[in-house]
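The values are calculated or read from the model by the stated rules, or taken from the named source; none is laboratory data. A quick note: this is a predicted structure, and the numbers were derived from the prediction, not measured. Counting neighbours? That spans all protein chains shown, and the Cβs are built from the backbone with ideal geometry, glycine included. Quick note on the areas: whole protein, heavy atoms, side chains included, nothing else; ligands and nucleic acids left out. Shrake-Rupley method; radii C 1.70, N 1.55, O 1.52, S 1.80 Å.
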Amino acid sequence: MVELKNVSVTYSSGVDALNNVSLKINDGDFAFVVGSSGAGKSTMIKLLLKEIDATSGVVTVNGYNLNKLKKRKIPEFRRTLGFVFQDFRLLKDRSVYENVAFAQRIVEKSEREIRRNVPSMLAMVGLAGKYKASPKQLAGGEQQRVALARALVNQPKLLLADEPTGNLDPYNTSEIMRLLEKVNENGTTVVVVTHNDKLVND
């Protein structure tokens, strides 16, 4: 669950990025946060990742009160999340398989578990045959699928997708959105942050 109660964020420059925002996203929801550039979308993502703190109000994500979360607990909290970036952020010097396996190694999964989980996740996103490829050999839509597999391989409760289709053509945009819907149907809460209101209407 994601809940913001009367949340405001004011940067040191004096800019009010968020002003008294309240919202609630329940477990299992598929939610869009839509707004133009400068509307506070990036600030909200940073809040939900505990990269910044609210100036006032309460932020709760996956049962964690982020206002009271101690620094040493942040890695534990972030393991309950999956995150997909607009620019993919893949490890260029590693194969598709190793990019997804990296997320498993961070949480200290055994090699046996990794050998089971990674191929299964790559198959889900339609890339079973590309596991040896490097990111530079993939098209943009395929790179975003790898990023999605990496975000999901640890079975997060919540998937945050920040402009996940911003660098993709219409075909790959619809394919990524179809995958996100499938992820949601499998029980993961999905929050898509975008400036593209057409995604919501479609």
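So, by mean Cβ neighbours within 10 angstrom, what's the order for 45-52, 30-37, 105-112 with the highest one leading?
Descending mean neighbour count gives 45-52, 30-37, 105-112.
Gap in Å between the Cα centre of the stretch 139-202 and the Cα centre of the stretch 45-67?
Cα centres, the stretch 45-67 to the stretch 139-202: 22 Å.
Might you tell me the accessible area per residue for the chain, computed with a 1.4 Å probe and given in Å²?
So the chain comes to 53 Å² accessible per residue, rounded to a whole number.
Report the Stokes-Einstein translational diffusion coefficient (µm² s⁻¹, integer) for the stretch 71-119, Rh taken as the Kirkwood radius over Cα pairs, at 10 °C with viscosity 1.306 mPa s.
130
Counting each pair of different Cα atoms once, what's the Kirkwood radius of the stretch 90-202 in Å, rounded to one decimal?
14.4
Just need the Rg to Rh number for the stretch 137-202, please, alpha carbons only, Kirkwood Rh.
Radius of gyration over Kirkwood radius for the stretch 137-202 works out to 0.94.
Across the stretch 188-201, in residue order, what do the Karplus-derived ³J(HN,Hα) couplings come to in whole Hz, using 6.51 cos²θ - 1.76 cosθ + 1.60 with θ = phi - 60° and x for Gly and Pro?
Those phi angles translate into 7, 6, 10, 10, 9, 9, 7, 9, 8, 5, 5, 4, 5, 5 Hz.
Just the ratio, please: alpha-carbon radius of gyration of the chain over 2.2 N^0.38 Å, N its number of residues.
In units of the globular-protein estimate, the chain measures up at 1.03.
Considering only protein heavy atoms and a 1.4 Å probe, what is the carbon-and-sulfur percentage of the accessible area of the chain?
The value for the chain is 47 percent carbon and sulfur by accessible area.
Search the structure for amide H atoms under 5 Å from the amide H of residue 84, placed 1.01 Å from N in the peptide plane, and list their residues when 5 or more places away or on another chain.
Residues meeting the amide H criterion: 160, 161, 162.
For a bin width of 5 Å, list the pair-distance distribution of the stretch 101-146 built from all Cα-Cα distances, rounded to whole %.
For the stretch 101-146, the pair-distance distribution reads 5, 22, 28, 23, 17, 6, 0.
Viscosity 1.567 mPa s, temperature 4 °C: what is the translational diffusion coefficient of the stretch 1-86 from Stokes-Einstein with a Kirkwood Rh over Cα pairs, rounded to a whole number of µm²/s?
My calculation gives 96 µm²/s for D.
In percent, what relative contact order does the chain have, based on Cα pairs under 8 Å that are 6 or more apart in sequence?
27
Over the Cα atoms of the stretch 33-148, what Rg and Dmax result, in angstrom?
Expressed in Å, the Cα Rg and Dmax of the stretch 33-148 come to 16.8, 49.
For the stretch 68-141: lysine pairs with Cα atoms under 25 Å, gap of 8 or more or different chains, count?
Taking the Cα cut-off of 25 Å, the pair count is 9.
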